[in-house]
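Worksheet for the structure shown next.
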Amino acid sequence: MKRTNEKYAEQFPTFQILNEEGEVVNEEKMPKLSDDELKDLMTRMVYTRILDQRSIALNRQGRLGFYAPTAGQEASQLGSHFALEKDDYLLPGYRDVPQLIWHGLPLYKAFLWSRGHFVGGQMPEGVHAMVPQIIIGAQYVQTAGVALGMKKRGEKRVAVTYTGDGGTSQGDFYEGMNFAGAFDAPAIFIAQNNRFAISTPVEKQTKAETLAQKAVAAGIEGIQVDGMDVLAVYVATKEARERAINGEGPTLIETLTYRYGPHTMAGDDPTRYRTKDLDSEWEQKDPLVRFRKFLEDKGVWSEEEENEVIERAKEEIKAAIKEADGIPKQKVTELIGNMYETLPQNLQEQMEEYKAKESK
């Protein structure tokens, strides 16, 4: 079995285009992106890093609820999203709010979702996405269903979902891929391997040498990508999308990445299960630093441009949290009413009870 595992690992080498110094090491696979598109991608990454910093601060101030930090995973998240079309359907996990925002969810609604407010889950017209899934791995099964629906309607678009390495230990992960594979549904399954799930090292989650090789059992395409290399993630996702809309079935993409912060802001302490040496090693692979070096060498990015993005992000975040603060607080009666079209007897009684309380 050890030899078998090693054999599979050899079939899933890490796909990379930019090395840690921002140098092109795979010219053949360089995407044909214009300078403006490259700058747009960098803008999104810088903006998202600032959003993460401000969201952590807002959480500590008690102005946000649930929050899962994203710093370190920008290339994995935004490189993959950049390869999608507006009509593609997004099924994110709870760390994937940045993709939702760039897909069209207003920033103030993202803040309301963090607070558990129902308005945060109301997608604007034309934004094809579900709210972030809290149940780990459940979005993989949902994605299989959404993708099959697209195929049956003859639509040329894909359903895309994300989970972490911890999500690949869930039954839903296998069930979703197996179902989508059996029907050649146009789905892209992205497993963001940040090595520790909540606190369990990936080596203790699976005996497999890679997560990408788990695609073999489902009979679908699989690829392992350097998740700190935004161009490699973009290309892998773009190619997966083309296969999907051409009727060639789903793809599992494993992105090797790292979250610099805790699993969530709900009390996790990563120093209990990660070493300083490992943190330092992955800080040298920072996706923003790598891509910045590449763009500066091309002469299409500058410190001045980056500072402009940072200031714009701060202003827009400030305005968005103010807008979120202006939305009336959610009522218990709204919670009950939003959950049921026809209330069962026990909730009818509770509804009347809370109506009376809220009218005072």
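Largest GNM mean-square fluctuation among G326, G120, G164, using the chain with Cα springs under 10 Å: G326. In this Cβ point-charge picture (+1 for Lys and Arg, -1 for Asp and Glu), segment 47-100 has a dipole of about 420 debye about its Cα centre. Charge tally for Q348 (other residues, Cβ to Cβ under 15 Å; Lys, Arg +1; Asp, Glu -1): -3. Computed over segment 260-327, the alpha-carbon pair-distance distribution with 10 angstrom bins reads 16, 25, 33, 25, 2, each value a whole percent.
Counted as membrane-span-like here are DSSP H helices of the chain whose alpha-carbon atoms extend 18 Å or more along the helix's own axis and whose Kyte-Doolittle mean is 0.0 or above; these are 138-152, 230-245. Cα centroid distance between segment 69-84 and segment 148-198, in Å? First find each Cα centre; the distance between them is then 17 Å.
Over segment 228-360, the fraction of Cα-Cα pairs per 5 Å bin, rounded to whole percents and listed from the shortest bin up, is 2, 7, 8, 8, 10, 11, 12, 12, 10, 7, 7, 4, 1, 0.
Across segment 2-328, the relative contact order, built from alpha-carbon pairs under 8 Å that are at least six residues apart, equals 26 percent. Could you tally the net charge around G126, taking each other residue with its Cβ under 11 Å from the Cβ of G126, Lys/Arg +1 and Asp/Glu -1? Residues near G126 contribute -1 overall.
Residues of segment 1-45 with amide nitrogen under 13 Å from the 7 Å Cα-to-Cβ point of V289? Residues passing the 13 Å test: 20-22.
Rounded to the nearest 0.05, the FRET efficiency derived from the C-beta distance between L33 and A182 at R0 = 30 Å is 0.30.
Orientation-averaged projection of segment 216-295 equals 7.7 nm² [convex hull of Cα atoms, one quarter of hull surface area]. Residue exposure proxy: R195, R44, ordered by other Cβ atoms within 10 angstrom of their Cβ from fewest to most, comes out as R195, R44.
May I ask you to work out the translational diffusion coefficient for segment 2-328 at 20 °C, viscosity 1.002 mPa s, via Stokes-Einstein with Rh from the Kirkwood sum over Cα pairs, reported in whole µm²/s?
107
Among rounded, prolate and oblate, which fits segment 121-216 when a ≥ b ≥ c are the square roots of the eigenvalues of its C-alpha gyration tensor, a/c under 1.5 means rounded, and a/b larger than b/c means prolate? Note, shape of segment 121-216 comes out oblate. Along the charge dipole of the chain, pointing to its positive end and built from +1/-1 on Cβ of Lys, Arg, Asp and Glu, which listed residue (G299, A218, P132) has its Cα farthest out? Farthest along the dipole direction, towards plus: P132.
Helical content of the chain, expressed as a calculated mean residue ellipticity at 222 nm, amounts to -15000 deg cm²/dmol (DSSP H runs of 4 or more residues, -39,500 (n - 2.57) each, divided by residue number, nearest 500). Footprinting exposure proxy ranking of M123, M42, M339, M228, fewest other C-beta atoms within 10 angstrom first, gives M339, M123, M42, M228.
Which value, in debye to the nearest 20, gives the size of the charge dipole of segment 1-119 about its Cα centre, when Lys and Arg are +1 and Asp and Glu are -1 at the Cβ?
For this selection, approximately 860 debye.
A cut-off of 5 Å between modelled amide H atoms, ignoring neighbours fewer than 5 places along the same chain, links T255 with A191, Q192, N193, V225. When the charge dipole of segment 1-106 is built from unit charges on Cβ atoms (+1 for Lys and Arg, -1 for Asp and Glu) and taken about the Cα centre, the candidate among G62, S80, W102 whose Cα reaches farthest toward its positive end is G62. The residue list N194, T4, Q345 was ranked by how far each Cα lies along the charge dipole of the chain toward its positive end, using unit charges on Cβ atoms, and Q345 comes out on top. For N307 and K331, the FRET efficiency from 1/(1 + (r/R0)^6), where r spans their Cβ atoms and R0 equals 51 Å, is about 0.75. Neighbours of H103, meaning other residues whose beta-carbon lies under 11 angstrom from its beta-carbon, give a summed charge of -3 when Lys and Arg score +1 and Asp and Glu score -1.
Among E254, E303, E283, the largest mean-square fluctuation in a Gaussian network model of the chain (Cα springs under 10 Å) belongs to E303. Distances between placed amide hydrogens fall under 5 Å for E221 paired with L252, all partners being 5 or more residues away or on another chain. Mind checking which of K39, K109, K204 has the largest fluctuation in a GNM of the chain, springs on alpha carbons under 10 Å? Evaluated over the chain, the most mobile residue of the options is K204. Placing +1 on the Cβ of every Lys and Arg and -1 on the Cβ of every Asp and Glu, with nothing else charged, gives the chain a dipole about its Cα centre of roughly 1120 debye.
Values quoted throughout were computed directly from the atomic coordinates according to the rules given, and no laboratory measurement underlies them. All figures in this text were calculated on a predicted structure; none of them were measured in a lab. Using ideal geometry, Cβ is built from the backbone for each residue, glycine included, and neighbour counts are taken over all protein chains shown.
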